[in-house]
Amino acid sequence: MKNGTGHYLLIDGVSKTFPGQIGRERLKVLDEINLYADEGEIIGIVGPSGCGKSTLLNIIAGFVPPDRGRVIFCGKHVQKPSPERAVVFQTAVLFPWLTVWDNISYGLKRRGEKNIARLVKRYIQIVGLDSFEYYYPDQLSGGMQQRVALARVLVLNPRLLLMDEPFASLDALSRLTMSSFYLTSGRS
Amino acid sequence: MRSFKESGTKILCWSDIDGRLNPLGLALPALLLIVWHLVTVDGNIPGYLLPRPMEIGKVALDFALGNWQLTPYSGTMLDHSLASISRVFSGFGFAAAAGLPLGFLTGRITAVKRTIDPTIHLFRTIPGIGWLPVAMVWFGVGERTTLFLIALAAFFPIYVNSAQGAASVPPQLIWAGRMLGANKISLFTTIIIPASAPAVVAGLRLGMGLSWAYLVLGELTGVAQGLGAVMMDARMLGHVDMIIVAMVCIAIWGRVTDLVLTTMFKLYQPRAGGAVS
Ligand SMILES: Nc1ncnc2c1ncn2[C@@H]1O[C@H](COP(=O)(O)OP(=O)(O)OP(=O)(O)O)[C@@H](O)[C@H]1O
Ligand SMILES: [Mg+2]
């Protein structure tokens, strides 16, 4: 999987600012971040609250563009989100109008997958939520919601897993064999 | 996968919310009826101003079934109701057909918002009733004026609420959808529509309420059939009882159409449905 840049994931001089308070200058959140990860690596990004971990994750995911610099993943310039680069958000961000089952099958349906039922069932088991399939997100605890969010992306077999403060789903994760995943996780 | 279990949850939610009768809700109507009966029974308020509840009940039954020939409208409730309901649905249908797509476009696309939103809000400031004279000039009295007034009045809340709902979909939900592989169309149908549905339904309900209000206004200008026409006609014939019965009919049909909307929403979104009553 080596390519022109030589790395599986390359974060190349990424900077990001946000509008500051009225009358103040822009808030510099990320300044010239350089980072790379190779196949199979697990990387943790540590820093105080508000230092920009989530912002960096959002840029790697392709949700927001950096002001300067670029993200290269598998030789391709990241410009929009993709199921290859899965995100588990800091708060679960499940679809509140869908059941656990329908949240987890969402991506499979978009992909036109055939074996949806079998896959969903398996991943519900993996994250330990059997018998909660037909619960709605607001009927679950925070940690359970995180596990649904994890299952919802793992079922798509992503190549990169971006987890924003993944403590709630860590034990579910530890039950998995992670060898096939490339993991970057942000945590404070 | 839609499964048995899932629909089981839906039915559960539905009956949890609507299955029980609320005795407190019935106390106020009962009290009003008692007071109404007491002030009319001994002739304090004469019958030609406010007939007694029992008489109204009789006239209403006769209006529905036609067994006593108490008024010239005996047995015509179904015809008049159907005429009014079909006007409400046509006018409301026009309003929804225009208001929903324009609202969603305004809510999601800045260029559309900049182009049409200020003008629509300018028109919105003209009270619906202010359109009556010009509507009568354009469409004559009766049918088409009524449809025009209903469509116009119901359009604004549908448009404003859809736009508001579509604009306030949390960006993270949209990110999540795109990250999970939704394209532009499925993003719209599977994220934006369900996420804005509560606001959209609020707009539809407001629009439906206004539809009934403007139905009466339109029908008062002169149509052959309809509950508004009955009210106008009964006033000239001195049948206060019929005016009140027609008002009660409108109240009931208005409530029924509102229940149709909220029920459809609860079936579509059982979870969020709980928040709508
Ligand atoms: N959309 C935005 N508009 C303006 N400022 C923002 C925006 N998003 C983030 N910021 C600012 O960027 C900085 C970094 O935010 P970020 O969410 O990346 O922090 P974090 O490292 O994930 O913190 P935490 O550990 O508390 O989650 C914060 O100061 C925040 O106020
Ligand atoms: Mg964060």
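The values are calculated or read from the model by the stated rules, or taken from the named source; none is laboratory data. All values reported here derive from a predicted model rather than from experimental measurement. Reconstructed Cβ throughout: ideal geometry from the backbone, glycine too, with neighbour counts over all protein chains shown. Only protein heavy atoms, including side chains, enter the accessible area calculation; ligands, DNA and RNA are left aside. Shrake-Rupley method; radii C 1.70, N 1.55, O 1.52, S 1.80 Å.
With N the number of residues in region B:136-179, Rg(Cα) / (2.2 N^0.38 Å) evaluates to 1.98. When the other protein chains are added to the chain by itself, burial of at least 50 square angstrom of heavy-atom accessible area (probe 1.4 Å, ligands and nucleic acids ignored) affects these residues of region B:156-194: B:Gln172, B:Leu173, B:Trp175, B:Arg178, B:Met179, B:Leu180, B:Thr190. Rg and Dmax, both from the Cα atoms of the protein assembly as shown and both in Å, are 29.9, 98.
For the peptide A:89-99, the mean number of other protein chain Cβ atoms found within 10 angstrom of a residue's Cβ is 5. Sorted from greatest to least, the principal axis extents spanned by the alpha carbons of region B:65-172 come out as 63, 37, 17 Å.
Ligands, DNA and RNA are left out, and with a 1.4 angstrom probe the accessible area of the protein assembly as shown is 50 Å² per residue.
When a 1.4 Å probe is rolled over the protein heavy atoms, the share of accessible surface on chain A that falls to carbon and sulfur comes to 50 percent.
Average partner chain C-beta neighbours within 10 Å, per residue of A:151-158? Numbers along the way, then the final one.
Values: counts 0, 3, 3, 0, 1, 3, 0, 1.
Rounded to a whole number, the mean comes out at 1.
The helix-only estimate of mean residue ellipticity at 222 nm for chain B, built from DSSP H runs of length n ≥ 4 each weighted as -39500 (n - 2.57), is -25500 deg cm²/dmol after division by the residue total.
Carbon and sulfur: what percent of region B:82-270's accessible surface (1.4 Å probe)? Solvent-exposed carbon and sulfur of region B:82-270 make up 73 percent of the total. Highest-first packing order for the peptide set A:11-17, B:88-94 is B:88-94, A:11-17, based on the mean count of other beta carbon atoms within 10 Å.
In this simple spin-label model, placing a label point 7 Å from the Cα along the Cα-to-Cβ direction at both B:Thr115 and B:Ser186 gives a separation of 2.9 nm. Measuring between their Cα centroids, region B:49-70 and region B:220-247 lie 14 Å from each other.
Whole-percent P(r), region B:208-275, all Cα pairs, 5 Å bins from 0: 4, 17, 20, 19, 12, 9, 8, 6, 4, 1, 0. Coordinate range of the alpha-carbon atoms in region B:82-270 per principal axis, descending: 68, 36, 20 Å.
Using only the alpha carbons of region A:9-77, what is the convex hull's orientation-averaged projected area in square nanometres? Across all orientations, region A:9-77 yields a mean hull projection of 5.0 nm².
Here the translational diffusion coefficient of chain A follows from Stokes-Einstein with Rh set to the Kirkwood radius across Cα pairs; for 25 °C and 0.890 mPa s it amounts to 141 µm²/s. Orientation-averaged projection of region A:51-155 equals 7.8 nm² [convex hull of Cα atoms, one quarter of hull surface area]. The residue list A:Cys74, A:Ala151, B:Leu70 was ranked by how far each Cα lies along the charge dipole of the protein assembly as shown toward its positive end, using unit charges on Cβ atoms, and A:Cys74 comes out on top. Most tightly packed first, judged by the mean number of other beta-carbon atoms within 10 Å of their residues, the peptides B:160-168, B:73-81 read B:160-168, B:73-81.
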